[in-house]
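Peer 1: For reference, the structure I am asking about is given below.
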Amino acid sequence: MTQQIKNPFLHQHDHHHHHDDGHDHDHEHGHDHHLEELDPAQQSLSDALRVSFLILKAVMVVLLVLYLFSGVFSVTEGQEQAVRLRFGRIVGRPGQQVYERGWHLGLPYPIERVIKVPVAPRQVSLANAF
């Protein structure tokens with residue numbers, strides 16, 4: 001004995017046709033599959049999926065914007081300098097490769113990487129150093 005499982009999303013209806021022997025025929029079924037109303041459970045599922053996809057799209061846009069702005073960096077005046085590397089090579093023309101104070105825009109990782117080098121004088125206490 002085989003058991004048939006009914007899919008609640010399949011639309012089933014009976015078709016009755018009269019066929020002439022060997023003649024071509026056109027027939028219409030008198031209904032439109034796209035205009036049929038969903039039962040409450042299907043409508044609820046459809047609404048939940050629509051909202052879920054809208055939330056997913058919004059999250060993806062926010063993550064994309066955050067990723068694109070992740071290349072923004074700042075350099076503290078008098079304390080550090082920075083160099084941008086694009087695929088391992090220093091970015092910029094000679095004389096413009098070292099970034100000093102302020103905010104700068106670079107491409108996001110892994111395309112570019114920023115290396116900051118401290119330039120502030122360091123003080124070492126000899127009493128604690130040894």
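The values are calculated or read from the model by the stated rules, or taken from the named source; none is laboratory data. These figures come from a predicted structure and were not determined experimentally. All Cβ positions, even for glycine, are placed from backbone atoms using ideal geometry, and neighbour counts span all protein chains on display. The accessibility values were calculated without ligands, DNA or RNA, using every heavy atom of the protein model including side chains. Shrake-Rupley method; radii C 1.70, N 1.55, O 1.52, S 1.80 Å.
Peer 1: What's the total number of residues in segment 98-111 that are open to solvent by less than 100 Å² (accessible area, probe 1.4 Å) and within 22 Å of residue 77 (Cβ to Cβ)?
Peer 2: Residues meeting the conditions: 5.
Peer 1: Hey, can you tell me all the residues within segment 78-92 that are on the phi < 0 side of the Ramachandran plot and surrounded by 11 or more Cβ atoms within 10 Å (Cβ to Cβ)?
Peer 2: Of everything in segment 78-92, those that are on the phi < 0 side of the Ramachandran plot and surrounded by 11 or more Cβ atoms within 10 Å (Cβ to Cβ) turn out to be 79, 80, 81, 82, 83, 84, 85, 86, 90, 91.
Residues checked against (1) within 30 Å of residue 122 (Cβ to Cβ); (2) at pLDDT 85 or above; (3) in contact with a Leu (Cβ under 6 Å, 6 or more places away or on another chain):
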residue: 12; (1), (2), (3): no, no, no
residue: 32; (1), (2), (3): no, no, no
residue: 72; (1), (2), (3): yes, yes, yes
residue: 101; (1), (2), (3): yes, yes, no
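Peer 1: Separate question: Hey, among the residues in segment 112-130 that are of a type in the set (Lys, Arg) and at pLDDT 85 or above, which one's nearest to residue 79 (Cα to Cα)?
Peer 2: 116
Peer 1: If the requirement is being in contact with a helix residue (DSSP H, G or I) (Cβ under 7 Å, 6 or more places away or on another chain), of a type in the set (A, V, I, L, M), more than 27 Å from residue 115 (Cα to Cα) and surrounded by 10 or more Cβ atoms within 10 Å (Cβ to Cβ), which of these qualifies: 38, 49, 45?
Peer 2: Exactly one residue qualifies, and that residue is 38.
Peer 1: Can you tell me which of 95, 71 is surrounded by 10 or more Cβ atoms within 10 Å (Cβ to Cβ), of a type outside the set (Phe, Trp, Tyr) and more than 16 Å from residue 117 (Cα to Cα)?
Peer 2: Within the list 95, 71, the selection yields 71.
Peer 1: If you don't mind, another one. Tell me whether segment 54-66 contains one or more residues that are open to solvent by less than 90 Å² (accessible area, probe 1.4 Å), hydrophobic (A, V, I, L, M, F, W, C) and closer than 30 Å to residue 120 by Cβ.
Peer 2: Scanning segment 54-66, I find no residue that is open to solvent by less than 90 Å² (accessible area, probe 1.4 Å), hydrophobic (A, V, I, L, M, F, W, C) and closer than 30 Å to residue 120 by Cβ, so the answer is no.
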